[in-house]
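Worksheet for the structure shown next.
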Amino acid sequence: MKRKLIFITTIFIIFLGLFSVGKIVNFIVNIEWFKEVGYLSIYFTKIIAVFKLMIPMFLISFIGIWIYYKSLRLSIIKFKKVVEVNARKNIIERKVFFIINTIISFIISYVFASTYWYRILQFTNSVKFNIKDPIFNFDVSFYVFKLPLIESIYAEIVILLIFLIIVTLITYFMLSARDRIYSRKNFKNKFSNVSIFNNGLTRFAGKQLAIVSFLIMICVSLGYILKSINLVYSNRGVAFGASYTDTHITLLFYKVIVVVALIAAIIIFWSVITSKGKLIIMSISVIVSLIVIEGFVSNGVQNFLVKSNEKTLEQPYIKYDIDYTRKAFNINNIDAKPFEVKENLTEENIKDNKDTIDNIRINSVKPALEFYNQVQNIRYYYTFSDINVDRYNINGKISQVFVASREINSKSLEPNTWQNRHLVYTHGYGVVMSKVNTVTSEGQPDFLIKNIPPENTSNIKLKDPRIYFGEKTGDYAIVNTKISEFDYPKGGNNQTNNYNGSAGIKMTLLNRIFFAANEKDLNFILSRDITNESKILINRNIVDRTKKIAPFLKYDSDPYIVISNGKLYWILDAYTTSDRYPFSQPQDNINYIRNSVKVVIDASDGTTNFYMMDKNDPIILSYSKIFPGLFKDLGTLSDDIKQHFRYPEDLFKIQCSVLGKYHMTDPGVFYNGEDLWEVAKNQKQIDGQKDTMESPYVVMKLPNEKNEEMILLQYFNMKNKDNMVALFGARMDKDNYGKMVLYKFPPEKTIYSPYLFKQKINQDTTISQELALWNKNGSQVQFGDTMIVPINNSLLYIEPMYLRASGKSSIPEMKRVIVSYGDKIILSENVEAALQQVFNYKNENKNDESSSNKTSEDTTKKVQDIKTVKELYDKAVEAQKGGDWAKYGEYIKQLGEKINQLEK
């Protein structure tokens, strides 16, 4: 028996070791990586917390199981009445029990510690919100930090108690059945006598059942305390949170059940010991009756009393919902102002707002991204996954631009070998930047930075254009190998590069073995190109990288790249969220959110820094206590990078969704639902379907402000109508970051929404005829991003118009701009020309001689001709670089014809 036990134990240890090899290797790799990025202490915070929690949990579980086993064993001996004395058997039994108890206790302690370590740290490191709920007067920190752990532990205890009862009953039935089989007695007669069954069970495990039953009833009482507290999340009534019925009826019944359950616990304990079954049944029946009666009474009160007097009775609870929801989503401090649309702009007003006019966006994101991927890819393995809107100081003026990063798409490599994917094509190269307010003569983006190596016509310096860490960079890369890395295409040859950044884990022989095991790839060991000086870059996807360091934060879906001091950096917004804020209406499964962290990642060496944005957020303050050293002070970040901070669009969308209903702060108006809003809808094509407007980033001067700044805008309509009722904006420059403005339009006046503006375009006879001419013969008219810009007390509407030719690879070109002001609507080649027609610039300034006008026109034509020649030349060079000699010949031919025209 002893040999058999040793054999089984050995097999188990070997199996456990084989099962753990992968986890051990992954653990070692994680230690190496966290050490490399400087966050090893953050990684060990979890490990140490789990280990600290496992020790007491293991001891509690081990001792608890041992005590219960001992008491159950004594009950078994008493039940058998005959004691079998076998010292050898008892020793083996104790050893087997010790091993099983150790394994079970270890599993219980590990599962509990790994599941609840974080909640326990939150519980012990909670930070007060200094806001109390109106029902129980608890600080919100209790609900966010403490209640989740209390509920989790409560659930675990209930499961454990039920498990102990089941084990006890199964043991008794097995012993009882065995005795009946041995004595060959009639089962039916035995089981028909309830009294004998009860006496046998209580004689066998009376104390155990009494204690466990007592504890279960205590748990019932505690459960109804928790149900009472959770009324702050009730969905009953017209508002989220506790309603009139919840506080006056349900809560009262819950209090009664709490007291009755405590009394029942004592009665049941005594009844089990004394085998008095009637009192147990009576106690349970009373509790069940109270639960059933509560349901009937609450529904009756809700349906027959509250519904007929709902507006009056629910008023204070609606007010709680409004106040707490607005606080939770940070929309309680919006600067709301009436906006009387007077349409009294003058030419002087236009000149005073010239910077706003100059930054009006006539390029649209999706067409521009198509063009980037067609023209600026340079090679098939490069890709632009996204375009970001930003602002830069270009030649002394704040200018809004499109910026996109050129990354390697490793999946498209051909041949897609291990060396190509991980040793050669290791990084992307450069960015493309174009103006948002101008296009070329062909209606295509007007580049400031383009091509490889970068051709830069701006004053923005870019010294290190390599992107080793990116938005779409998923594979690991091994750098400084015997094979030079591909840098960028250069004519018929390729420019190579050796990585000189600080990132990476040294590829020592031991590390090569570890990574071979971790990646399940022998190339790490067999490759002759990897040396001791080589380094491996892992976790290169910037979102995955930040999630691995700080998985407890929520991250924005749109990282954006910026140029600062000659280098490329990624900025990623991170949020603290909760679903436990009392009386706050949930949105997308959360009911509290703050943009408390900005993550800045170096695109070259992967340095990842977390900067605390909101020191008033209790959740981020709690995280900073749990993970000391993770969050850096915002003052340590360079001002140049801070100038590119954007208010995150994901957060803004959530706030817009909440604001549609919760801009109403009067409970009576809220109850009537008489002023519900929704985000405006728009059309991208003539006769196309209506889609929800995307929030545009705009550089503009807000009414009554002195300077231009970047704003994230959204337009609101009356619900299920197309009349615009408000304009909502989030500010983001310098000290104004996070401040919000809301301009409410007069309800008695019809203000054109983006969709109504489209209908106005279609109803204009001149414009609609021109659109109809373009929208045929294989061409399609598409609209760009509608912009509605407030200037003083007026609204200026701008709509870029694109023309897309038929064909799979056709690129939409921006051909015209539609500008509307008041009752005027103009179709022109650019915004400036349209504004001249709207405000009669030429008429007001027509004291000049006709000859001077002609001279001006000639000069403009010459400038345009020179621009066209340059564009044809650039396209010919790009075609030559790409090896497209047919296109090259075509562009050279067009260039020659244009030069001949100029000579004439």
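The values are calculated or read from the model by the stated rules, or taken from the named source; none is laboratory data. What you see is a predicted model; the values in this text were computed from it and never measured. Here the Cβ positions follow ideal geometry from the backbone for every residue, glycine too, while neighbour counts run over all protein chains shown.
For region 327-338, check the following and say yes or no: at least one residue is part of a helix (DSSP H, G or I) and either in contact (Cβ under 8 Å) with a residue 12 or more places away in the chain or acidic (D, E) (or both).
yes
Give me the residue from region 370-391 that is closer than 15 Å to N409 by Cβ and either touching a Leu at 6+ places or on another chain (Cβ under 8 Å) or among the acidic types (D, E) (or both) and, out of that set, surrounded by the fewest Cβ atoms within 10 Å (Cβ to Cβ).
D386
At pLDDT 75 or above, aliphatic (A, V, I, L, M) and not assigned by TED's automatic domain parsing to the domain that holds P586: which single residue out of I196, I181, I225 fits that description?
After ruling out the rest, the residue left standing is I225.
Go over the candidates F79, F44 one by one and state the one that is of a type outside the set (A, V, I, L, M), surrounded by 13 or more Cβ atoms within 10 Å (Cβ to Cβ) and at pLDDT 80 or above.
Going through F79, F44 in turn, the sole match is F44.
Can you tell me which of (1) in contact with a strand residue (DSSP E or B) (Cβ under 8 Å, 6 or more places away or on another chain); (2) touching a residue at least 12 places away in the same chain (Cβ under 8 Å) is the one N373 doesn't meet?
(2)
Here is a check on your reading of the model: is D352 of a type in the set (D, E, K, R) and without any contact (Cβ under 8 Å) to a residue 40 or more places away in the chain?
yes
Mind listing whichever residues of region 471-486 are free of Cβ contacts under 8 Å to residues at least 60 places away in the same chain and either surrounded by 17 or more Cβ atoms within 10 Å (Cβ to Cβ) or among the aromatic types (F, W, Y) (or both)?
I478, V479, N480, T481
Quick one: would you say I108 is farther than 20 Å from T576 by Cβ, buried (at least 18 other Cβ atoms within 10 Å of the Cβ) and at pLDDT 90 or above?
No.
Before we move on, is M740 under 25 Å from K354 (Cα atoms) and either out of contact with any Cys (no Cβ under 8 Å at 6 or more places or on another chain) or small (G, A, S) (or both)?
Yes; evaluated as a whole, the condition is true for this residue.
Only one of K278, K319 is basic (K, R), surrounded by fewer than 19 Cβ atoms within 10 Å (Cβ to Cβ) and over 30 Å from M740 (Cβ atoms); which?
Answer to the check: K278.
Can you name every one of the strands (runs of 3 or more DSSP E) wholly within region 421-481 that holds 2 or more residues which are in contact with a strand residue (DSSP E or B) (Cβ under 8 Å, 6 or more places away or on another chain) and within 16 Å of R391 (Cα to Cα)?
Those strands (runs of 3 or more DSSP E) span 431-439, 445-450.
Quick check on my filter: what residues within region 288-319 are of a type in the set (F, W, Y) and in contact (Cβ under 8 Å) with a residue 24 or more places away in the chain?
Y317
Kindly provide the set of residues from region 212-244 that are in contact (Cβ under 8 Å) with a residue 40 or more places away in the chain and part of a loop (DSSP other than H, G, I, E, B), ordered by number.
R236, G237, V238, A239, F240, G241, A242, S243
Filter region 604-638 for residues that are over 24 Å from R119 (Cα atoms) and out of contact with any helix residue (DSSP H, G or I) (no Cβ under 9 Å at 6 or more places or on another chain) and give the result.
Within region 604-638, S604, D605, D633, G635, T636, L637, S638 meet the criteria.
Look through S484, S458 and report the one residue that is at pLDDT below 95, assigned by TED's automatic domain parsing to the domain that holds R421 and among the polar types (S, T, N, Q).
S458
Could you tell me how many of the residues in region 789-822 are closer than 25 Å to F371 by Cα and touching a residue at least 60 places away in the same chain (Cβ under 8 Å)?
11
Out of everything in region 417-470 that is within 17 Å of P367 (Cα to Cα) and in contact with a Leu (Cβ under 7 Å, 6 or more places away or on another chain), what residue ends up being surrounded by the fewest Cβ atoms within 10 Å (Cβ to Cβ)?
Ranking the candidates gives K435 first.
Restricting to region 686-708, name every residue that is part of a strand (DSSP E or B) and either more than 24 Å from D352 (Cα to Cα) or free of Cβ contacts under 8 Å to residues at least 40 places away in the same chain (or both).
The answer is D691, T692.
Residue by residue through region 47-65, note down the ones that are of a type in the set (A, V, I, L, M), within 38 Å of the chain's Cα centre (by Cα), loosely packed, with under 15 Cβ neighbours inside 10 Å and under 14 Å from F106 (Cβ atoms).
Residue satisfying the conditions is I55 alone.
For region 735-835, please list each of the strands (runs of 3 or more DSSP E) lying entirely inside it that holds at least 3 residues being within 20 Å of L712 (Cα to Cα).
740-744, 787-791, 794-804
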